[in-house]
Amino acid sequence: IEEVLATENRSLLLHVVRDHGAEIEAYRRWAAGAMVDAVVVVNVVLDDPRIPVLSQLGIPAVVVGGPSGGMEFSNVWIDDAQASRDAVDYLVGLGHTRLGRVSGPRDLIHTRARSDAFVDQCARSSVHGVIVEGDYTEESGKSAARSLLGRRGAPSAIIFDNDVMALAALAVSAEMGIAVPGSLSLLAWDDSALCRLSNPPLSAMTLDVHAMGQQVGTCVLNTLADGPVRAYMAPMQRLSARRSTGRPTAPAPQPA
C-alpha cells in the first residue's frame with residue numbers, strides 16, 4: 001500500500017487496536033483533529049459497526065474484503081468462496097472423502113464465505129465435511145486438531161484458515177502418531193515462509209499480497225481524487241501443493 005501512496009508523497013500509518021470499539025474511538029480522534037486523509041478498513045464483519053461511523057464522520061475510506069458490490073465505500077474483495085471450493089476439489093481429487101475445516105471467527109465475512117462454500121462443495125462432491133471454529137492462534141489450532149482427530153470417522157484431510165493453526169495441527173499429528181500426508185493431509189490458508197519451511201512443507205492457498213496491496217493503495221488514491229465508488233477484485237488465490245497433502249494411503253489411528 002505504502003509503495004503506491006509514496007508516488008503522491010503520502011505515507012501509511014499502521015495503528016493496532018484491541019477491538020472495534022477502540023478502533024471507532026481512534027476514528028473519532030482522527031476526524032476531530034483532521035489527522036488522516038483516508039482510512040483502510042480490514043477484517044470486515046457482518047453488519048460492521050465501523051462503516052456507518054466512518055460515513056457519519058465523513059472520513060474517506062477503502063474496505064479490504066466484503067462483498068463484490070453494494071458497499072458505500074470502494075473495496076478490494078477476495079473471492080474466498082471460489083478458493084474454498086478449489087481447496088475441496090483438490091482434496092477430493094486426491095481421494096479424500098472425509099474433510100475437516102478449522103475456520104477463523106465466524107463473524108468475519110470471509111470466514112462465512114469460506115465455510116458456506118466448503119459445506120456446499122462437500123455436498124456437491126458427495127463427501128463428508130465438518131467445521132470447527134478457531135481463532136487463528138496456535139492453541140486453537142491444537143485444540144481443533146485434537147477435536148477432529150479424536151473422533152470416530154476422523155477426517156483424512158483438514159483445511160485451516162491460517163498458517164499458525166495448520167502448523168499447530170502438524171505438531172499434534174506427530175504427537176498422535178498420525179503420518180502426514182500418509183494418514184492425514186493438511187492444507188493452510190495464508191501461505192507464508194513458515195509453510196514452506198515446515199517439515200513436511202505445508203500445502204497452502206497463496207494470495208499475491210504485494211499485488212493486492214498495490215490495488216488497495218491505488219483504490220485509496222482514486223478515493224482521494226473523488227473517483228467513483230466501486231469494487232475491485234483481488235488476484236485470485238491459487239493452491240500451492242506441497243508435501244503435506246497427498247493421496248490417503250493409510251487410515252489414521254481411531255480412538256478406542
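Amide H contacts under 5 Å for Glu133: Ser103, restricted to partners 5 or more places along the chain or on a different chain, H placed in the peptide plane at 1.01 Å from N. Computed on region 50-121, the Cα convex hull volume stands at 87 Å³ per residue. As a check on your grasp of the helix formula, calculate [θ] at 222 nm for the chain: sum -39500 (n - 2.57) over DSSP H runs of n ≥ 4, divide by the residue count, round to the nearest 500. That calculation yields -12000 deg cm²/dmol at 222 nm.
Between the amide H of Ser185 and those of Ala157, Ile158, distances stay under 5 Å, these residues lying 5 or more places away or on another chain, with hydrogens modeled in the peptide plane. Across region 80-206, Cα-Cα distances exceeding 27 Å account for 7% of all pairs.
Couplings 3J(HN,Hα) for region 125-136, derived from phi with the Karplus relation 6.51 cos²θ - 1.76 cosθ + 1.60 (θ = phi - 60°), are 8, 6, 10, 8, x, 9, 10, 10, 7, x, 9, 6 Hz, where x marks Gly and Pro. At 1.306 mPa s and 10 °C, plugging the Kirkwood radius over alpha-carbon pairs of the chain into Stokes-Einstein gives what diffusion coefficient in µm²/s? This corresponds to a translational diffusion coefficient of 81 µm²/s.
Glu8 contributes an accessible area of around 100 Å² to the protein surface, as traced by a 1.4 Å probe with all chains present.
Each residue of region 110-123 was assigned a 3J(HN,Hα) from its phi angle through the Karplus expression (A = 6.51, B = -1.76, C = 1.60, θ = phi - 60°), giving 5, 5, 5, 4, 5, 5, 4, 5, 4, 4, 5, 6, 4, 5 Hz with x at Gly and Pro.
Relative contact order of the chain, please, whole-number percent, based on alpha carbon pairs below 8 angstrom and at least 6 residues apart. Over the chain, the number comes to 22 percent.
Taking amide H positions as modeled 1.01 Å from N, with prolines and chain starts lacking one, the residues under 5 Å from Val40 and 5 or more places away or on another chain are Val62. Distance from the Cα centroid of region 28-101 to that of region 128-142 is 21 Å (rounded to whole angstrom). Across region 1-91 the C-alpha pair distances fall into 10 Å bins from zero in the proportions 13, 42, 30, 11, 3, 0 percent.
The values are calculated or read from the model by the stated rules, or taken from the named source; none is laboratory data. Predicted model only: the values in this text are computed from it and were never measured. We work out accessible area using only protein heavy atoms, side chains counted, and drop any ligands, DNA or RNA first. Shrake-Rupley method; radii C 1.70, N 1.55, O 1.52, S 1.80 Å.
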